[in-house]
Amino acid sequence: MSVRRHVCFVLPSLAGGGAERAAVHILNALDGSAWDRSMYLFRREGPYLDEVDRGIRVVAGDETSRLGRIRGLRRFVRDARPDIVMVFLSYFSVLAAVRSASSRARVVFNQQTPVSAFLTDADYDWRRPIRRRVFSAVARLAYGRADAVVATSRGVADDLAQRFAVGRSRLHVVHNPVDLTRIESAVQEAIDPDHAAVWTRPAVVAAGRLADAKNYPLMLEAFALVRAQMPARLFILGRGELEPALRARAQQLGLADDVVFCGFQRNPWKYIARGDVFVLTSHYEGFGNVLVEAMACRVPVVATASPGTRDIVHSGTDGVIVERHEPESVATALVGLLRDTSSLRRMGEAARCSAERFAMPAIAAAYDRVFQAVLA
């Protein structure tokens with residue numbers, strides 16, 4: 001009988017984000033009979049805590065300073081002696097903790113976004129060039145010391161190889177998983193009565209944090225062009241610091257009655273499944289979990305081109321990739337689909353078939369292969 005190896009996923013917390021949800025899904029999907037699974041959090045908080053499998057040990061630190069967090073994780077690594085530490089975010093702190101623990105653990109970074117694009121993100125304080133230069137220099141050093149890096153798309157892997165000198169032999173492309181069974185059940189639920197009362201067709205649905213990277217102003221401007229050509233309503237799922245500005249922009253564009261802000265939804269799929277088209281207008285995506293989830297709901301997608309979306313959408317088959325991040329181009333794609341009901345049905349079924357590529361068992365098997373290769 002083979003001995004179970006210990007794999008530990010490390011995150012700052014399980015606050016609602018794509019990386020955090022992906023981490024929970026991946027660790028849940030790993031075979032518990034083959035892997036002793038644990039999760040270390042710098043803070044025990046976030047909406048995904050309840051979704052962690054009961055067979056996974058969750059340990060949380062209680063330190064607030066960076067040095068304190070490093071010390072806490074170092075103690076855990078010395079006591080638990082994991083074989084693999086998989087890092088989601090806080091890469092530098094985790095690498096320092098594991099290496100200073102004199103541990104034999106292999107350190108694997110999980111890179112969800114292209115680092116170069118992250119360094120242009122207005123949500124973070126990169127306005128001073130010195131900050132970008134220091135971060136880039138430290139990143140090159142840290143990625144060089146990791147035993148392997150898992151990238152969520154080919155574009156993310158290319159960015160790491162070309163801009164941060166990560167050797168191709170240490171790069172593994174593994175997409176994020178989607179829980180098809182859960183989505184099939186979730187779409188049967190009724191949407192909130194207040195939203196049902198204003199739900200009209202055709203309906204365009206969007207979901208994601210209301211932040212700069214998601215480029216909602218582009219979406220609103222494109223939707224204004226759609227509304228100039230046909231009746232439609234846009235339903236936006238999510239919360240974020242830009243919500244007041246986005247509501248004001250919708251008002252300025254004359255869309256106050258046609259754009260509905262639905263807030264954070266623990267079950268976004270019941271909304272997405274009732275839409276005719278799902279739209280994503282991000283500046284960049286390392287993968288685009290929500291696109292796969294929309295496709296699993298049998299809804300065709302319209303998405304702006306980025307490293308992640310190109311790995312997901314077969315443009316013209318299960319959705320449309322918009323190369324030019326401009327309102328006119330996004331509006332043209334939306335109107336073209338919304339006016340062609342036969343294409344909507346055909347693309348919706350194709351989208352569901354495409355989502356199978358990202359099913360939990362297939363992605364868990366891919367991670368198992370990566371971990372076995374790192375340990376070999």
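Brief remarks on what is shown
- Over the stretch 180-357, relative contact order from alpha-carbon pairs under 8 Å, at least 6 apart, %: 24
- Net +/- balance of residues flanking Asp257 in space, Cβ distance below 13 Å, scoring K and R +1, D and E -1: +2
- Karplus-based coupling profile of the stretch 222-238, in residue order and whole Hz: 5, 5, 4, 5, 4, 5, 6, 10, 6, x, 5, 9, 10, 10, 10, 9, x, with θ = phi - 60° in 6.51 cos²θ - 1.76 cosθ + 1.60 and x standing for Gly or Pro.
- Restriction of the trypsin sites (Lys or Arg not before Pro) in the stretch 62-123 to DSSP coil positions whose beta-carbon has at most 14 other beta-carbons within 10 angstrom yields Arg104.
- Mean residue ellipticity at 222 nm, helices only, the chain: -13000 deg cm²/dmol; runs of at least 4 DSSP H residues each add -39,500 (n - 2.57), and the sum is divided by the number of residues.
- Spatial separation of Cα centroids for the stretch 253-283 and the stretch 36-99, in angstrom: 34
- Between Glu241 and Glu349, the contour length at 0.36 nm per residue exceeds the alpha carbon distance by 35.3 nm.
- Neighbourhood net charge (13 Å Cβ-Cβ; Lys/Arg +1, Asp/Glu -1) for Val374: +2
- Descending Cα extents along the principal axes, the stretch 180-357, whole Å: 40, 36, 30
- Prolate/oblate/rounded label for the stretch 285-359 (Cα gyration tensor, a/c 1.5): oblate
- Point-to-point label distance, Ala228-Glu328, nm (Cα→Cβ direction, 7 Å offset): 1.0
- Here the chain is described by how far its Cα atoms reach on the three principal axes: 64, 51, 37 Å, from widest to narrowest.
- Seen from a random direction on average, the alpha-carbon convex hull of the stretch 134-274 projects onto 11.6 square nanometres.
- When the chain is treated as a Gaussian network with alpha carbon springs shorter than 10 Å, the biggest mean-square fluctuation among Leu220, Leu280, Leu253 belongs to Leu253.
- Virtual spin-label span in nm between Arg44 and Ala60, 7 Å along Cα→Cβ: 0.6
A short reminder: the numbers here are calculations on the coordinates, not readings from a lab. This one's a predicted model, so the numbers in the text were calculated from it and none came from an experiment. As a convention, Cβ positions derive from the backbone with ideal geometry for all residues, glycine included, and neighbour counts pool all protein chains shown.
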